[in-house]
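Peer 1: The structure follows.
The values are calculated or read from the model by the stated rules, or taken from the named source; none is laboratory data. The structure displayed is predicted, hence computed values, not measured ones. So basically every Cβ, Gly included, is an ideal-geometry build from the backbone, and we count neighbours across all protein chains shown. Note: areas computed on protein heavy atoms with side chains; ligands, DNA, RNA excluded. Shrake-Rupley method; radii C 1.70, N 1.55, O 1.52, S 1.80 Å.
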Amino acid sequence: MFATVKGVSTFSAEQEAQALRKAMKGFGTDEDAIIETLTKLNVSQRQQVLITYKSTIGRDLIDDLKSELSGNFERVIVGLMTPTTMYDVHELRRALKEVLWFCELLVTDLLCVCALAEYGSTLEDDIVSDTSSVFRRVLVSLATGNRDEGTFVDEALAQQDAQCLYEAGEKKWGTDEVQFMSILCTRNRCHLLRVFDVYRGIANKDITESIKSEMSGDLEDALLAVVKCLRNKPAYFAERLYKSMKGLGTDDSTLIRVMVSRSEIDMLYIRREFLAMYGKSLHSFIKGDCSGDYRKVLLRLCGGED
């Protein structure tokens with residue numbers, strides 16, 4: 001189990017609902033009690049509390065939380081109260097309505113990891129209306145969930161795919177972006193890892209180097225994200241977290257999204273990759289970059305100082 005938020009073995013939805021109501025009732029709000037309650041429960045348990053809060057107290061829990069909390073702290077707490085896939089879709093749709101240079105990288109994050117096939121048709125409509133050109137085709141391909149999810153590696157096809165990628169980029173004047181997309185967005189992970197190995201032998205460079213030299217802008221970002229996710233998803237998210245906090249200012253949207261969405265999946269792996277890649281712990285970065293209740297809840301989701 002590589003999650004930092006695992007839920008509790010003995011659980012009473014009614015007791016937790018009452019604890020949350022107590023934390024918000026009357027003058028002032030007990031933010032520490034809200035953090036303690038929601039970060040010890042997993043997403044399934046939180047959904048049970050949400051339902052029980054409505055049935056026993058007669059109020060909407062998310063509405064109450066929104067009325068009592070604010071800013072980035074509120075965003076984290078509401079994110080925790082949202083079912084995982086719905087949260088991802090919400091983040092995607094919110095991204096498509098914001099400034100394009102920021103949004104498109106956000107969209108790449110979610111689609112490369114989730115490929116939310118369940119919502120493919122409606123997401124496809126959103127993507128087509130808000131993005132452009134070849135980048136749009138990458139996102140639509142990922143959103144419609146056409147990737148092979150198996151583990152079989154066809155050695156002959158791997159050799160062929162690697163040669164096709166080489167001929168679509170390094171070997172010719174200009175780049176056949178469609179060929180890159182048709183291979184990178186549909187083959188299974190194990191197969192593509194083999195393709196990348198073969199490609200290095202053919203091109204004498206890594207596939208990421210070729211993408212950087214042959215592509216640009218949003219398309220380059222999208223395909224690099226695909227490759228990074230396929231090779232090492234925790235390292236990819238560690239990089240996203242590092243970039244969200246390094247330098248002046250904080251990319252709170254990325255920081256919140258990754259911490260909320262990965263805390264019940266692979267946050268321990270992400271922490272380990274972060275330490276190995278940057279020589280400092282994720283915990284120390286969050287502690288130095290954030291403050292107040294926002295920092296408290298993120299540190300709970302991080303789950304440790306190593």
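Peer 1: Please give the number of the condition residue 257 fails out of (1) among the basic types (Lys, Arg); (2) part of a loop (DSSP other than H, G, I, E, B); (3) in contact with a helix residue (DSSP H, G or I) (Cβ under 6 Å, 6 or more places away or on another chain).
Peer 2: The failed condition is (2).
Peer 1: Go through the range 1-68 and tell me which helices (runs of 4 or more DSSP H), entirely inside it, have 3 or more residues that are surrounded by 15 or more Cβ atoms within 10 Å (Cβ to Cβ) and among the polar types (S, T, N, Q). Don't jump to the end; show me each part of the working.
Peer 2: Working: elements: 13-24, 31-40, 43-57, 61-68.
Hits in the range 1-68: 43-57.
Peer 1: Please indicate, with yes or no, whether at least one residue in the range 161-181 is acidic (Asp, Glu), buried (at least 20 other Cβ atoms within 10 Å of the Cβ) and either modelled with pLDDT of 80 or more or closer than 23 Å to residue 87 by Cα (or both).
Peer 2: yes
Peer 1: Could you check how many residues of the range 233-257 are free of Cβ contacts under 8 Å to residues at least 40 places away in the same chain and under 14 Å from residue 289 (Cα atoms)?
Peer 2: 7
Peer 1: For the range 164-180, how many residues are farther than 18 Å from residue 205 by Cα and among the β-branched types (Val, Ile, Thr)?
Peer 2: Looking only at that region, the number is 1.
Peer 1: What number of residues within the range 4-17 satisfy the criterion of being farther than 17 Å from residue 63 by Cβ and in contact (Cβ under 8 Å) with a residue 24 or more places away in the chain?
Peer 2: Final tally of qualifying residues: 9.
Peer 1: Output the qualifying pairs, or none if there are none: Cβ atoms under 7 angstrom, residues six or more apart or on different chains, first residue in the range 41-62 and on the phi < 0 side of the Ramachandran plot, second residue part of a helix (DSSP H, G or I) and among the polar types (S, T, N, Q).
Peer 2: From the range 41-62, the pairs are 43/84.
Peer 1: Looking only at residues that are touching a residue at least 40 places away in the same chain (Cβ under 8 Å) and under 11 Å from residue 227 (Cβ atoms) in the range 194-210, which one is surrounded by the fewest Cβ atoms within 10 Å (Cβ to Cβ)?
Peer 2: By that ranking, first place goes to 210.
Peer 1: Can you tell me which residue among 216, 244, 281 is of a type in the set (Gly, Ala, Ser), over 15 Å from the mean Cα position of the chain (by Cα) and either within 23 Å of residue 189 (Cα to Cα) or open to solvent by less than 30 Å² (accessible area, probe 1.4 Å) (or both)?
Peer 2: Just one listed residue meets the conditions, 281.
Peer 1: Sticking with this one: I need the full set of residues from the range 286-306 which are within 16 Å of residue 251 (Cα to Cα), open to solvent by less than 40 Å² (accessible area, probe 1.4 Å) and part of a helix (DSSP H, G or I), in order please.
Peer 2: Hits for the range 286-306 are 286, 294, 298.
Peer 1: Follow-up. Let me confirm something: among 153, 227, 260, 178, which residue is without any contact (Cβ under 8 Å) to a residue 60 or more places away in the chain and closer than 30 Å to residue 298 by Cα? Before you say what the answer is, go through the steps one by one.
Peer 2: On the way: 153 fails: closer than 30 Å to residue 298 by Cα; 260 fails: without any contact (Cβ under 8 Å) to a residue 60 or more places away in the chain; 178 fails: closer than 30 Å to residue 298 by Cα.
Step by step, each of 153, 227, 260, 178 is checked, and only 227 is without any contact (Cβ under 8 Å) to a residue 60 or more places away in the chain and closer than 30 Å to residue 298 by Cα.
Peer 1: Go through the range 276-285 and count every residue that is part of a helix (DSSP H, G or I) and within 20 Å of residue 250 (Cβ to Cβ).
Peer 2: The number of residues fulfilling the criteria is 6.
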